[in-house]
Amino acid sequence: MLHKVRSLGLQGIYGYEVSAECDLAGGLPNFDIVGLPDAAVKEARERVRSAIKNNGYSFPVGRITVNLAPANLRKSGTVYDLPIFVGILTASGQLDWCDPDCAFVGELSLSGTLRPVVGMLPMALAAKEAGIERLFVPADSAPEATLAEGLTVYPVENVEQLAEHLSGREQIPPAPPWSQEGEDLPMPDFAEVRGQEQVKRMLEIAAAGGHNAAMIGPPGSGKSMLARRLPSILPPMTRREALEATQIHSVMGLTTKDHPLLTQRPFRSPHHTISAGGMAGGGNPFPRPGEISLAHHGVLFLDELPEFHKDVVEVLRQPMEEGKVTVVRSAASETYPSHFMLLCAMNPCKCGWFGHPSGRCRCTPAQVKRYLGKLSGPMLDRIDLFSEVPPLEFENLADRSPGEPSAAIRARVTKARALQSKRFGPDGPHCNAAMGQAEIRRFCALDDEGQALMKGAYEHMGLTARSYDRILRVARTIADLDESENIQTHHLAEAIQYRETEYFSV
């Protein structure tokens, strides 16, 4: 007897519908799973067999064949345990039900208890697109599945509870849509930062326009402290941005039943020993998202930038321009979104004390140049804002009065982002940093005085066409913070000053 059960699978960070076709036939006892299964899928045979026997059902004697269609896509993971279980019991007549509008996803323990699965959100979104109305999932994965609004999600604790529901004896109450309880997790506040007003201003501009930024200064000047407070002034994510970012984190198993949806923008800070594959994405045989995709709609912070391997830093160049990264491996090729803000921090030399008033630096000019030379010109050209982080004076440290809180800065940033959303519309760039040539020509026009200033900067600073466009984008953001319809000369002048730092002219 043949019975088909609808299920779902993962390809990259997106879900797709899978049909588990369970066929029971006579012959010598055998249990085969076909449809390009990996080792975890093949091991479902033992989990399903034990779950059937340990819950008082009879495991069919004969030839059992399970086909996971479409058979041309490789199946991985443990999500197919539950649909195989339901298919075998239904085909053998031990379960009597028929509902073409429902699907099953879940991993079984040997006792028949359901365990949570990774990638629940993208699979639930795929179920909604496929017209599935009812989705049976492990109880711990149900909050995440409810984020795909429009589905009736049933949280299943064990197969005995599921069998009672399918037989019509005792219904499982649907899971309520997940809603956040309480406020977001607390974040470090800019009010705790002493001094460094210029750097705070730069980070405010970066947050308002989604610009890439770099901080350069000696050890202990507060670079890392400032960087870890950047998320506290970023604008809140829209529903669409939150779902896009959560899909990636869900596939990587970084969501929980208590926090199934990202409510704060991601902040990723990988160690400088990370590989190029870990940064861009990779894996064998199937590629997985890397740090630049986990930072989607958030911040990627690289502390001690020159200490990263050159190939790791250079792999950022294309994603920074295109907002996506394509990872090619022998078994598959996947494209992941990567709209992120790059924030870098670095010392001015190997020992870190170049330019410090104490004079403790012993690096020669050649050594300083060699250290900074680890960063290529094309990579530096993609950074919009540079700021020196000078060592703090004693008066700044002794001052106990609180600085401007993050809430006040965030209010200005959110207001500027709202102006950009209104300007570009729902189908345009999501922020000023993502403006294309058409938007730059339309919204970054300069008057005669601004043109003269820009011409002088272009000729004397040796700017490239890319840095020219980036200055205009930054100037547009500064004008938005001032609620100015047009870019004024002082907006442009401030944007230009963030392109140059004396360290790179050593």
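The values are calculated or read from the model by the stated rules, or taken from the named source; none is laboratory data. From a predicted model like this one, the values you see are computed outputs, not experimental measurements. Cβ atoms come from the backbone with ideal geometry, glycine included; neighbour counts cover every protein chain shown. Ligands, DNA and RNA are stripped out before the accessible areas are found, and what is left, the full protein with its side chains, is counted by its heavy atoms. Shrake-Rupley method; radii C 1.70, N 1.55, O 1.52, S 1.80 Å.
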Taking segment 343-379 only, how many residues are free of Cβ contacts under 8 Å to residues at least 12 places away in the same chain, open to solvent by less than 60 Å² (accessible area, probe 1.4 Å) and part of a loop (DSSP other than H, G, I, E, B)? 2
Does any residue of segment 218-226 turn out to be under 20 Å from residue 338 (Cβ atoms), modelled with pLDDT of 90 or more and either within 17 Å of the chain's Cα centre (by Cα) or open to solvent by 10 Å² or more (accessible area, probe 1.4 Å) (or both)? no
So residue 137 passes all but one of these: (1) open to solvent by less than 40 Å² (accessible area, probe 1.4 Å); (2) in contact (Cβ under 8 Å) with a residue 40 or more places away in the chain; (3) closer than 23 Å to residue 33 by Cα. Which condition number does it fail? (2)
Select from segment 380-423 the residues that are basic (Lys, Arg), open to solvent by less than 50 Å² (accessible area, probe 1.4 Å) and within 27 Å of residue 192 (Cα to Cα) and list them in ascending order. 417
Looking at (1) outside any loop (DSSP other than H, G, I, E, B); (2) under 30 Å from residue 95 (Cα atoms); (3) not charged (D, E, K, R), find the lone condition where residue 168 falls short. (1)
Any residue at all in segment 293-304 that's within 10 Å of the chain's Cα centre (by Cα) and part of a helix (DSSP H, G or I)? yes
Restricting segment 34-49 to residues that are in contact with a strand residue (DSSP E or B) (Cβ under 8 Å, 6 or more places away or on another chain) and part of a helix (DSSP H, G or I), the one surrounded by the most Cβ atoms within 10 Å (Cβ to Cβ) turns out to be 48
Among (1) among the β-branched types (Val, Ile, Thr); (2) open to solvent by 20 Å² or more (accessible area, probe 1.4 Å); (3) in contact (Cβ under 8 Å) with a residue 60 or more places away in the chain - the single one residue 152 does not satisfy: (3)
Filtering segment 415-461 down to residues that are within 29 Å of residue 299 (Cα to Cα), among the acidic types (Asp, Glu) and part of a loop (DSSP other than H, G, I, E, B) yields 427
Residues to consider are 31, 59; find the one that is free of Cβ contacts under 8 Å to residues at least 40 places away in the same chain and assigned to a strand (DSSP E or B). 31
Condition set among the β-branched types (Val, Ile, Thr) and assigned to a helix (DSSP H, G or I), scope segment 228-278, selection farthest from the chain's Cα centre (by Cα): answer is 233
Could you look through segment 278-290, keep only residues that are touching a strand residue (DSSP E or B) at 6+ places or on another chain (Cβ under 8 Å) and of a type outside the set (A, V, I, L, M, F, W, C), and pick out the one that is most open to solvent (accessible area, probe 1.4 Å)? 288
Kindly indicate whether any position in segment 75-97 is closer than 19 Å to residue 37 by Cβ, among the hydroxyl-bearing types (Ser, Thr, Tyr), in contact with an Asp or Glu (Cβ under 9 Å, 6 or more places away or on another chain) and open to solvent by 10 Å² or more (accessible area, probe 1.4 Å). yes
Out of all the residues in segment 325-342, which are open to solvent by 20 Å² or more (accessible area, probe 1.4 Å) and closer than 28 Å to residue 36 by Cα? 326, 328, 329, 330, 331, 332, 333, 334, 335, 337
